[in-house]
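Trainee: Dropping the structure in here first, questions after.
The values are calculated or read from the model by the stated rules, or taken from the named source; none is laboratory data. Note that the structure is a prediction, hence the values are computed from the model and not measured. So basically every Cβ, Gly included, is an ideal-geometry build from the backbone, and we count neighbours across all protein chains shown.
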Amino acid sequence: MKQPFFYDITLRDGNQALKKPWLIDDKKIIFEKLVELNVQGIEVGFPASSETDFNACVELSKLAPDSMVVSGLARCTKNDIVSAIDAIKYAKIPRVHTFLTLSPFHMKYVLNKDPDVARKIATESVKFAYDNLLKENPKGQVQFSVEHFGDCRENLDFVIDTLKEIVQMGATVINLPNTVERCRPKNFIQMVERVINELDKSVIVSVHNHNDLGMATATTVEAYFSGAIQLECALNGLGERAGNTNFYEVAVALHNSGIEIPINLSKIYETALTVAQMSKVPIWEKAPLIGSDALAHRSGIHQDGALKTKDMEKGAYRPIHPSLIGRGDDEKIGFTSQSGKTAIFEIINRAGYPISLQEAIRIQPVVKEAAEKIGELPTSKIIDIYFSETFNVKGDFKLENFRHINDGKFEFEFTYKNQPYKTTGVGNGPVDACLNALKTNGFDVKLTHYEQSSLDEEILGAGSTAMSVVHLEDNCGKEVIGRARHGSTAVANIKAIFNALNIIYKEKASK
Ligand code: KIV
Ligand code: ZN
């Protein structure tokens, strides 16, 4: 397979469809992004359209790297062609891109010319462009586009004949636009294949697909596999109406199909954000690859698969690893009523708080209930629930007070099912004393794990607090985790025990 030639048309077709077309400084920024992406050719504008665009084309052709093809669009008129040559002649490889419709419908109703007249205009224009451009620069190239090629099914023989003559007149690139996408990609591709088969092998055949039915990427990618080497695409899919073929989608689709492309894919995401901001055309959240939802998972099944494969190049529910296109954000896990425990586990952990899968399962009903009412929960809401359900577990036990009496003896005041208890316990420190006091009162639990850590609460603006973690086992061997946070380690320890007790007794009651 020949390497695809990415021809970017953002600065011409994309720009002409903007509500506020770009001026020179804006065009320079986009041009730099295209250079960073390493596209092989750029259509910098339509020089005859205005003095401003002419000047922009001059500036950009001066900035182009030596190996880059730079074109200016020109209708099939001497004036447009001269203007294009004057604007792009500073590039090392300048290209005049001239075009005319050869579709029966458009020749009759828009151009108002007979096919033979149209053919004469097209061939003479290409000759004029070739003769005059090559006088300026022997490396100059002429591209001819059959506007509305997709509409030329019924007169394809005439089009191919005309193209053969156009090639003789000096065009080395023949561009086949689906100026309005009206039917199946396969129909269009069959026509492209016929042109490829009939023209000399030295001719570069190009496709330029608009996205009226949302299939421009598919058409462009398949046209490449049918032999069209030049692929005309636009950043963010900008362009007339529903836009041109989306550059990123084609590049990634070819990459994923094992085609070696020269494009710097890691620049895609930052480029897309810049283009959205500068064009004032926001990125739709469902936009492939670059949309905010493009790598988001909300259903429990997808979240589970996504998280199990998150560090792998191939993911269970994504076409690429986000880093391929320079997306720093991980796959987004959004919690809705359709989500599950893995999402809670991931969201809380990503927010920097400790949670086990067992705890995520325990708080899941509360989080789900909130999501059913609100919809997708912001992380702050999930953290609020995590805090109240983990550090302040509601239940039959309420710790009122505790104090150190002497040596290893402590006094505890608490209520169980609203019944007050005032009791003492002796032990090796408050945790041991508390468990002994509880046992004396019939609440027999065993400590299987104890841990002290600090909870970084920068987010809460509270600095760092002590966090106690206790694992308690009930008399059936079931282990639960109790956590508590407090400025005093001793208080955090006892609160953690009572949080764990509430979990154990709630679970017992629900059996
Ligand atoms: O869509 C189209 O046909 C065009 C041509 C000028 C190439 O943009
Ligand atoms: Zn177009």
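Trainee: Kindly indicate which of Glu285, Glu313 is in contact with a His (Cβ under 6 Å, 6 or more places away or on another chain), surrounded by fewer than 19 Cβ atoms within 10 Å (Cβ to Cβ) and assigned to a loop (DSSP other than H, G, I, E, B).
Mentor: Matching residue, one of Glu285, Glu313: Glu313.
Trainee: Given the options Ile259, Ile263, Ile301, name the one that is modelled with pLDDT of 95 or more and touching a helix residue (DSSP H, G or I) at 6+ places or on another chain (Cβ under 7 Å).
Mentor: The match here is Ile263.
Trainee: Let me ask something else about it. Any idea which of Glu198, Glu154, Glu147 is in contact with a strand residue (DSSP E or B) (Cβ under 7 Å, 6 or more places away or on another chain) and at pLDDT 95 or above?
Mentor: None of the others qualify; the one that does is Glu147.
Trainee: I need the full set of residues from the stretch 209-231 which are in contact with a helix residue (DSSP H, G or I) (Cβ under 8 Å, 6 or more places away or on another chain) and of a type outside the set (A, V, I, L, M, F, W, C), in order please.
Mentor: Asn209, His210, Asn211, Thr217, Thr219, Thr220, Glu222, Tyr224, Ser226, Gly227
Trainee: Looking only at the stretch 238-251, filter to residues that are part of a helix (DSSP H, G or I) and under 24 Å from Gln190 (Cα atoms); which one of those is farthest from ligand 1 (Cβ to nearest atom)?
Mentor: The qualifying residue farthest from ligand 1 (Cβ to nearest atom) is Ala251.
Trainee: Considering Val82, Val110, Val146, which residue is surrounded by fewer than 21 Cβ atoms within 10 Å (Cβ to Cβ), within 16 Å of ligand 2 (Cβ to nearest atom) and of a type in the set (Val, Ile, Thr)?
Mentor: Exactly one of Val82, Val110, Val146 is surrounded by fewer than 21 Cβ atoms within 10 Å (Cβ to Cβ), within 16 Å of ligand 2 (Cβ to nearest atom) and of a type in the set (Val, Ile, Thr), namely Val110.
Trainee: Quick check on this structure: which one of Phe46, Phe99 is within 16 Å of ligand 2 (Cβ to nearest atom) and either among the basic types (Lys, Arg) or free of Cβ contacts under 8 Å to residues at least 60 places away in the same chain (or both)?
Mentor: Testing whether each residue is within 16 Å of ligand 2 (Cβ to nearest atom) and either among the basic types (Lys, Arg) or free of Cβ contacts under 8 Å to residues at least 60 places away in the same chain (or both) leaves just Phe46.
Trainee: Something else: Condition test on Arg95, is it of a type in the set (Lys, Arg), touching a Phe, Trp or Tyr at 6+ places or on another chain (Cβ under 9 Å), in the same structural domain as Asp212 (by TED's automatic domain parsing) and outside any loop (DSSP other than H, G, I, E, B)?
Mentor: Here the answer is no, as Arg95 does not meet what is asked.
Trainee: Taking Thr217 and the conditions (1) closer than 19 Å to Ile9 by Cα; (2) in a helix (DSSP H, G or I); (3) more than 16 Å from ligand 2 (Cβ to nearest atom), which numbered condition does it fall short on, given that it satisfies the others?
Mentor: (3)
Trainee: Let me ask another. So which of Ser61, Ser71 ends up being part of a helix (DSSP H, G or I), in contact with a Lys or Arg (Cβ under 9 Å, 6 or more places away or on another chain) and buried (at least 22 other Cβ atoms within 10 Å of the Cβ)?
Mentor: Ser61
Trainee: I've got another one for you. Is it the case that some residue within the stretch 163-179 is more than 16 Å from ligand 2 (Cβ to nearest atom), in contact with a Lys or Arg (Cβ under 7 Å, 6 or more places away or on another chain) and not in a helix (DSSP H, G or I)?
Mentor: Yes, the stretch 163-179 contains at least one residue that is more than 16 Å from ligand 2 (Cβ to nearest atom), in contact with a Lys or Arg (Cβ under 7 Å, 6 or more places away or on another chain) and not in a helix (DSSP H, G or I).
Trainee: Sticking with this one: All but one of (1) buried (at least 19 other Cβ atoms within 10 Å of the Cβ); (2) assigned to a helix (DSSP H, G or I) hold for Phe158, so report the exception by its number.
Mentor: Only one criterion in (1) buried (at least 19 other Cβ atoms within 10 Å of the Cβ); (2) assigned to a helix (DSSP H, G or I) is unmet by Phe158, namely (1).
Trainee: Okay, next question. When you go through (1) away from ligand 1 (no atom under 16 Å from the Cβ); (2) under 20 Å from Cys233 (Cα atoms); (3) modelled with pLDDT of 95 or more one by one for Lys92, which number turns out not to apply?
Mentor: Every listed condition holds for Lys92 apart from (2).
Trainee: Look through the stretch 2-37, keep the residues that are out of contact with any helix residue (DSSP H, G or I) (no Cβ under 8 Å at 6 or more places or on another chain) and not in a helix (DSSP H, G or I), and return whichever of them is nearest to ligand 2 (Cβ to nearest atom).
Mentor: Top of the filtered list is Ile9.
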